[in-house]
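Everything below concerns the one structure shown next.
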Amino acid sequence: MTSKLSGLLVVLSGLLVAGCGTPDATVVDSGPNFGSTIPMAAPILLDANAPACSEPHTVCLTVKMPDTIPGPPTHLAVGYYKAVPVMTPAEARGVLQSPPLVAGQQFRLKVQDGTLTGNFYPVVLVYMPGGGDIIAVDNLDYTAEASQTYHFNGDTMNVAEVLHLVYGI
């Protein structure tokens, strides 16, 4: 019995070592990565009376929640994209877990700019229970895409348009 157990442990150990791979092992492509190239700190919900953004490398956005939602969101993300609708990873993306958002609410966000340079669309995503984590699930999560690109160059940016979250992608 002991020799069988010892033999089994040797085989399992061998499988574990063989399964770990080596640094030159071939990476298996698991499909597109819709995370981001540059992770950012979480967006900050601003008080309605908070002043406009004034620090370099910050973006302030105003976002309008839909009139009805099925419950509290699981998380909110802000990403900067070269094109919309979103079909590629964000150039930079920050996530806020368990945001205290409610239906019909209009709120302001302060977000880093990811030290990006160039023209990008700010996009806000609100994820619902059972929805996506990185990629929004159509007809479950909410998205709000800016209507135009904004020029990122490290200066403070206060986006004038209100981004309206819509159901689906």
Rounded to whole Å², per residue accessible area for region 37-118 with a 1.4 Å probe reads 49 Å²
Region 106-169: spread of alpha-carbon positions along the three principal axes, whole Å, largest first, is 37, 22, 19
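The values are calculated or read from the model by the stated rules, or taken from the named source; none is laboratory data. In this text, all values refer to a predicted model and were calculated from it rather than measured experimentally. All accessible areas refer to the heavy atoms of the entire protein, side chains included, with ligands and DNA or RNA removed. Shrake-Rupley method; radii C 1.70, N 1.55, O 1.52, S 1.80 Å.
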